[in-house]
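Contents: one structure, followed by commentary.
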Amino acid sequence: MPLLGFGTWQLPGEQAYEPVRVALETGYRHLDTATMYRNESEVGRALQDSGVPRGEVFITTKLPAERAGRERETIEASLKSLGIDQLDLWLVHWPPRGRAHPATWREFVAARDAGLTRAIGVSNYSVAQIDDLVRATGVTPAVNQIPYSPALHDPRLLAEHQERGVVVEGYSPFRRSDLDDPVFAEVAATPGSSRRT
Ligand SMILES: NC(=O)c1ccc[n+]([C@@H]2O[C@H](COP(=O)([O-])OP(=O)(O)OC[C@H]3O[C@@H](n4cnc5c(N)ncnc54)[C@H](OP(=O)(O)O)[C@@H]3O)[C@@H](O)[C@H]2O)c1
């Protein structure tokens, strides 16, 4: 999974097309969408029109919690909208009804085993909820996508994920940071710092 992704929340429908094309032209190779964002068709069209080969772009989409019980039809609809045969990563967007919900996770495992997605993960799960999934199914989520930023840095939370072999993917990195913090300006001004941090 490329380290930096291009998020498409708050770009509903046609509003997503141009930004995704520009992102791909700029060099992004990781797109993050969700059934809930209502832009999978436009993300897919932007990818096709960009001319960037499918194999070079990592694509994530997410199952809305309220679609628990309709997993297979939802991933098939996502693939059709995106115009692709296989996702790189499919996430449970939120714990359904606030619970880990192993039944949904079993459907995710089945979708992965059927080749509809290369990897499966969760989003907005606690470590305890991840443990519930693993206890029930024996399958560890590849990723937990959670709010994360320099301001939210939590070494213990990272260690708990690492111990379980779960990659933490941070979302809303700017929204939850003070972008006027002089440390950011210093890092940004240091040549090569993005490769070290
Ligand atoms: N899994 C989930 O539940 C979940 C939830 C949220 C997000 N996500 C994913 O994460 C992606 C990014 O999340 P996000 O849009 O919340 O967070 P973000 O990229 O951290 O924040 C975007 C907002 O931060 C402000 N901002 C960004 N760059 C700035 C800059 N250079 N200077 C000043 N303000 C700046 C802008 O606010 P203003 O609009 O106020 O200018 C912008 O709307 C989403 O597109 C989505 O793919 C996932």
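The values are calculated or read from the model by the stated rules, or taken from the named source; none is laboratory data. Keep in mind that what you see is a predicted model, and the values were worked out from it rather than measured. Cβ atoms come from the backbone with ideal geometry, glycine included; neighbour counts cover every protein chain shown. Protein only, heavy atoms only, side chains kept; ligands, DNA and RNA dropped before computing areas. Shrake-Rupley method; radii C 1.70, N 1.55, O 1.52, S 1.80 Å.
For the range 80-119, which residues satisfy the criterion of being among the hydroxyl-bearing types (Ser, Thr, Tyr) and open to solvent by 30 Å² or more (accessible area, probe 1.4 Å)?
Restricting attention to the range 80-119, the residues satisfying the condition of being among the hydroxyl-bearing types (Ser, Thr, Tyr) are 81, 104, 117.
81 - this is the single residue of the range 80-119 that is among the hydroxyl-bearing types (Ser, Thr, Tyr) and open to solvent by 30 Å² or more (accessible area, probe 1.4 Å).
Just to verify a result, which residue in the range 51-85, among those that are polar (S, T, N, Q) and within 19 Å of residue 169 (Cβ to Cβ), is farthest from the ligand (Cβ to nearest atom)?
Restricting to residues being polar (S, T, N, Q) and within 19 Å of residue 169 (Cβ to Cβ), the top hit is 78.
With 47, 31 as the choices, which residue is open to solvent by less than 20 Å² (accessible area, probe 1.4 Å) and under 21 Å from residue 170 (Cα atoms)? Let's see the steps before the verdict.
Working: 47 fails: under 21 Å from residue 170 (Cα atoms).
Exactly one residue qualifies, and that residue is 31.
Looking at 173, 147, which one is in contact (Cβ under 8 Å) with a residue 12 or more places away in the chain and open to solvent by less than 50 Å² (accessible area, probe 1.4 Å)? Spell out how you get there, then give the answer.
Numbers: 173 fails: open to solvent by less than 50 Å² (accessible area, probe 1.4 Å).
Within the list 173, 147, the selection yields 147.
Any idea how many residues of the range 122-140 are within 16 Å of the ligand (Cβ to nearest atom) and within 16 Å of residue 106 (Cβ to Cβ)?
Looking only at the range 122-140, we keep the residues that are within 16 Å of the ligand (Cβ to nearest atom), and these are 122-126, 129-130.
Still in the running and within 16 Å of residue 106 (Cβ to Cβ): 122, 125, 129-130.
Of the residues in that region, 4 qualify.
When the range 6-27 is examined, which residues are found to be in contact with a Ser or Thr (Cβ under 7 Å, 6 or more places away or on another chain) and within 8 Å of the ligand (Cβ to nearest atom)?
8
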